[in-house]
Amino acid sequence: MKNYLLYFFILLLWTSLIPFTPVVINHIENNEVITETEEMYTVLLPNGETAEMTLDEYVLGVMLTEMPASYEKQALFAQAVCIRSYAVYILEQAKHENNDSPHPDADFCSNPDCCRRYITYDALKALAGDDNATERYNAMKDAVYETSGEILTYNGKTAMTLYHISSPARTESYENVFNIAVPYLTAVNNVDESGFIYYEKEVKITFEELEKLLMSNGYDYSYSEGEQAFATLNENKRSNYVMFGSTEITAARFAELVGLNSNCIEITKNSDGYTICSTGFGSGLGMSQYGANILALQGKTYKEILSFYFTDTQLVKRK
Ligand SMILES: [Zn+2]
């Protein structure tokens with residue numbers, strides 16, 4: 001009980017420091033107390049306001065939305081390093097492309113299509129309830145602060161550490177998706193993730209429903225009897241396109257339209273429509289979170305998990 005109260009007190013103190021005060025760190029070197037002020041960053045919050053915080057505070061706010069707290073400690077550690085590396089990667093990109101920043105007054109925003117989804121502890125409590133939020137916060141906080149300063153690099157440059165929820169037999173290469181080769185974002189042979197609760201998703205759609213859906217989204221398509229329908233398959237068993245007759249749709253867009261979880265797509269024709277299945281969850285780029293948890297359960301450390309998914313990268317302490 002005492003420990004719990006102490007924890008809660010520290011938690012309150014810590015959270016109250018989040019938005020506005022620079023963090024002063026004291027450490028002792030050669031019997032002298034050295035005081036450093038940790039660098040602060042501006043985060044554009046979901047409500048449109050901005051907040052100043054340390055890098056780890058930002059990483060923690062992203063961690064709160066990204067991985068189940070029940071995942072193994074080493075998987076959470078790997079996730080924290082991914083988020084921190086990606087944050088540093090964004091900061092470095094902004095320096096090169098200053099004029100193009102979608103939010104010139106903030107280092108990070110909370111939009112997952114731009115930076116990463118960020119959530120405050122208060123927002124988490126409102127969403128998950130106090131007890132769940134506390135448990136989640138506790139697990140994530142440990143992962144962030146025990147890996148503090150650690151990032152992944154490739155040839156001395158900060159790696160673009162992407163991640164996704166789950167992959168089938170192989171992850172996907174960056175080059176297959178964006179036509180640019182990134183040496184550490186290649187496809188890797190993955191661990192068996194078939195135990196994942198959302199591993200497969202099946203959608204049934206009638207010919208009429210498909211026609212309506214595609215037409216209302218700007219595709220020139222009308223169903224004709226005897227049409228061939230299939231999803232293309234690349235070397236990683238992922239689809240770039242799906243075809244219904246002569247109508248071609250990118251797999252990612254099609255997945256979004258019919259509510260599939262990934263671009264590993266299989267199409268089967270029935271008497272009155274199509275059954276469409278997806279395997280895995282998310283883009284397939286970089287680290288699979290569910291796979292990271294399996295590797296952790298097999299006894300792998302977070303360093304090994306990161307090397308498994310990000311080829312030839314190094315884990316370094318940021319200066
Ligand atoms: Zn952004």
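Structure data summary
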read-out: Normalised contact order of the range 200-279, rounded percent, pairs of Cα under 8 Å and 6 or more residues apart; value: 36
read-out: Sites residue 317 and residue 96 - FRET efficiency at Förster radius 35 Å, r taken between beta-carbons, to 0.05; value: 0.90
read-out: Environment charge of residue 245, counting only residues whose C-beta is closer than 14 Å and scoring Lys/Arg +1, Asp/Glu -1; value: -4
read-out: Percentage relative contact order, the chain, counting C-alpha pairs under 8 Å, at least six apart; value: 19
read-out: Binned Cα-Cα distance frequencies in the range 69-119 - 10 Å width, integer %; value: 22, 46, 22, 9, 0
read-out: Proximal charge balance of residue 294 [Cβ under 13 Å; K/R count +1, D/E count -1]; value: -3
read-out: Principal axes of the range 200-279: Cα extent on each, largest first, Å; value: 31, 24, 21
read-out: Size descriptor, Kirkwood hydrodynamic radius, that averages inverse alpha-carbon separations across the chain, Å; value: 21.7
read-out: Amide H contacts under 5 Å for residue 116, placed H, 5+ residues apart; value: 109, 111
read-out: The chain: most fluctuating residue of 174, 145, 274 per GNM, C-alpha cutoff 10 Å; value: 274
read-out: The chain - accessible surface per residue (Å², probe 1.4 Å); value: 53
read-out: Debye intensity ratio I(q)/I(0), log10, the range 156-223, q values 0.18, 0.24 Å⁻¹ (C-alpha model); value: -0.87, -0.97
read-out: Alpha-carbon Rg with Dmax, taken over the range 170-319, Å; value: 18.1, 64
read-out: Ordering of 302-308, 185-191, 123-129 by burial proxy (mean other Cβ atoms within 10 Å per residue, highest first); value: 302-308, 185-191, 123-129
read-out: Relative frequency of Cα-Cα separations exceeding 25 Å in the range 127-240, percent; value: 56
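The values are calculated or read from the model by the stated rules, or taken from the named source; none is laboratory data. In this text the structure is predicted, and so the values were computed from the model without any measurement. Using ideal geometry, Cβ is built from the backbone for each residue, glycine included, and neighbour counts are taken over all protein chains shown. Note: accessible area is taken over every heavy atom of the protein model, side chains too, but ligands, DNA and RNA are not part of it. Shrake-Rupley method; radii C 1.70, N 1.55, O 1.52, S 1.80 Å.
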